[in-house]
Amino acid sequence: MPIPAQDLLRCPVCAGAWDPWRSSDRFLVCGSGHRFDVARRGYINFLTGRGTRFVPDTADMVSARDRFLTAGHYAPIAGALAEAAAGALVTPTADDGGPRPSVGSLPRAVLDAGAGTGYYLSAVLDRAPGAAAVALDLSPHALRRAAKLPHTAAVVWDLWRTLPLGDASVDAVLDVFAPRNVPEFARVLRPGGLLCVVTPLPEHLAELRGILPLLDVPAGKAEDVAHAAAGAFAVESVRAVRFPLELDAEAAADVALMGPAGHHASRDAVLAGLPGVIPRATAAVELSVLRRR
Ligand SMILES: C[S@@+](CC[C@H](N)C(=O)[O-])C[C@H]1O[C@@H](n2cnc3c(N)ncnc32)[C@H](O)[C@@H]1O
Ligand SMILES: [Zn+2]
């Protein structure tokens, strides 16, 4: 049995395709003999032997993210993203007009860039059953979870390098709170494919900034997406997704510790700094959908 979605992947060393005779469900070997093993936890590490200057999220940070997301606090973001990506991943049928995966041609394909635990990718795949997926992230801890998604190759990779996918190979790219390598997203997307980007708005979690170690959102972050993508993409839609968050102390600690603060702040210290009643907060993000020309 081949590795899920392996046809979407290219050798990260030579960009060659996999040799079907030398590859198996446990490892991939390209035509030039470069070999990559599938880890026991189901992800594949393409960064072997190549240092990267980034520090991946730790197991504790990933656990905080997993708890926070699976509790449903950001479900409205996942819903909006899945609806947007469905535009590229499902084909309405004439009989009932309902969404169906494409039939008769290659299965639809989606790349989640900086997928983390795969929470958003999971929502997208629920809307596009049968679609194949690649989840890229620096964090092996996060990818253990993403590797459990159907038809998904979870690959440890640095988004600032040439992505290990072929030209025009995917129908949609997702980027949620993650680094955006727009030229590479343009290369791997098919003409007409969608780039769906979620960025925080300046007021995102503003009510919690005084009591939690959260980074400020630089002004203009969302506009930067459209600007960086000009040329290769046309802006399809831009919408704000805003909703209230009712968090208890543990969830408030999770939302801080799943971000950069998780690299240096201790959970006890974060919990000790919280007031008895956590203020109601607002989640505010921008969902930009760009169509590959
Ligand atoms: C804020 S998290 C968002 C994760 C996921 N999209 C979500 O919203 O749950 C940012 C993610 O980007 C990953 N990341 C950061 N820099 C990266 C890089 N250079 N290459 C690949 N992944 C990176 C982190 O490991 C982390 O999982
Ligand atoms: Zn190779």
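The values are calculated or read from the model by the stated rules, or taken from the named source; none is laboratory data. Just so it is clear, the model here is predicted, and its values are computed rather than measured. Note that we place each Cβ from the backbone using ideal geometry, even for glycine, and neighbour counts take in every protein chain shown.
If we only count helices (runs of 4 or more DSSP H) wholly inside segment 111-190, which ones have 2 or more residues that are in contact with a Gly (Cβ under 7 Å, 6 or more places away or on another chain)? Lay out the reasoning, then the answer.
Details: elements: 119-127, 140-146, 182-188.
Because the criterion is at least 2 residues that are in contact with a Gly (Cβ under 7 Å, 6 or more places away or on another chain), the helices (runs of 4 or more DSSP H) in segment 111-190 that meet it are 140-146.
Looking at segment 139-179 only, could you name the residues that are surrounded by fewer than 22 Cβ atoms within 10 Å (Cβ to Cβ) and within 26 Å of residue 202 (Cβ to Cβ)?
Within segment 139-179, 159, 160, 177, 178, 179 meet the criteria.
Just to check your reading of the model, which residue among 184, 203 is under 24 Å from residue 235 (Cβ atoms), surrounded by fewer than 20 Cβ atoms within 10 Å (Cβ to Cβ) and more than 18 Å from the chain's Cα centre (by Cα)?
203
Out of curiosity, is residue 194 modelled with pLDDT of 95 or more, in a loop (DSSP other than H, G, I, E, B) and either surrounded by 14 or more Cβ atoms within 10 Å (Cβ to Cβ) or not basic (Lys, Arg) (or both)?
Criteria not met by residue 194.
Hey, among 234, 261, which residue is surrounded by 15 or more Cβ atoms within 10 Å (Cβ to Cβ) and of a type outside the set (D, E, K, R)?
Result of the check over 234, 261: 261.
If you check 244, 279, which single one turns out to be in contact (Cβ under 8 Å) with a residue 40 or more places away in the chain and either surrounded by fewer than 15 Cβ atoms within 10 Å (Cβ to Cβ) or over 22 Å from the mean Cα position of the chain (by Cα) (or both)?
279
Are there any pairs with C-beta distances below 8 angstrom linking a residue in segment 149-160 that is under 11 Å from residue 133 (Cβ atoms) to a residue that is within 16 Å of ligand 2 (Cβ to nearest atom) and assigned to a strand (DSSP E or B), with the two at least 6 apart or on different chains, and if so which?
Every condition considered, the pairs that remain are 153/9; 153/44; 154/44; 155/9; 155/44; 155/45.
Given the options 169, 139, name the one that is modelled with pLDDT under 95 and among the polar types (S, T, N, Q).
It is 139.
If I filter segment 207-225 for residues that are within 23 Å of residue 109 (Cα to Cα), in contact with a Leu (Cβ under 9 Å, 6 or more places away or on another chain) and at pLDDT below 95, do I get at least one hit?
Taking segment 207-225 first, the residues within 23 Å of residue 109 (Cα to Cα) are 225.
Pick out the ones that are also in contact with a Leu (Cβ under 9 Å, 6 or more places away or on another chain) and you get 225.
Narrowing further to those that are at pLDDT below 95: 225.
For segment 207-225, residues within 23 Å of residue 109 (Cα to Cα), in contact with a Leu (Cβ under 9 Å, 6 or more places away or on another chain) and at pLDDT below 95: present.
Could you identify the single residue in 94, 75 that is farther than 25 Å from residue 157 by Cα and at pLDDT 95 or above?
Among 94, 75, only 75 is farther than 25 Å from residue 157 by Cα and at pLDDT 95 or above.
Can you name the residue in segment 54-86 that is in a loop (DSSP other than H, G, I, E, B) and either polar (S, T, N, Q) or buried (at least 20 other Cβ atoms within 10 Å of the Cβ) (or both) and is also farthest from ligand 1 (Cβ to nearest atom) among such residues?
Checked segment 54-86; the qualifying residue farthest from ligand 1 (Cβ to nearest atom) is 58.
State which residue pairs qualify: first residue more than 12 Å from residue 2 (Cβ to Cβ) and inside segment 18-37, second residue within 16 Å of ligand 1 (Cβ to nearest atom) and in a loop (DSSP other than H, G, I, E, B) in any location, beta carbons under 9 Å apart, and separation of 6 or more residues or different chains.
34/12; 36/12; 36/46; 36/48; 37/48
In segment 30-40, which residues are of a type outside the set (Lys, Arg) and either within 16 Å of ligand 2 (Cβ to nearest atom) or under 19 Å from the mean Cα position of the chain (by Cα) (or both)?
30, 31, 32, 33, 34, 36, 37 - these are the residues of segment 30-40 that are of a type outside the set (Lys, Arg) and either within 16 Å of ligand 2 (Cβ to nearest atom) or under 19 Å from the mean Cα position of the chain (by Cα) (or both).
Please tell me if residue 43 is over 26 Å from residue 285 (Cα atoms), aromatic (Phe, Trp, Tyr), surrounded by 14 or more Cβ atoms within 10 Å (Cβ to Cβ) and more than 16 Å from ligand 2 (Cβ to nearest atom).
The answer is yes for residue 43.
Quick check on my filter: what residues within segment 38-48 are touching a residue at least 60 places away in the same chain (Cβ under 8 Å) and not small (Gly, Ala, Ser)?
Of the residues in segment 38-48, the ones touching a residue at least 60 places away in the same chain (Cβ under 8 Å) are 39, 41-47.
Passing the criteria: 41, 43, 44, 45, 46, 47.
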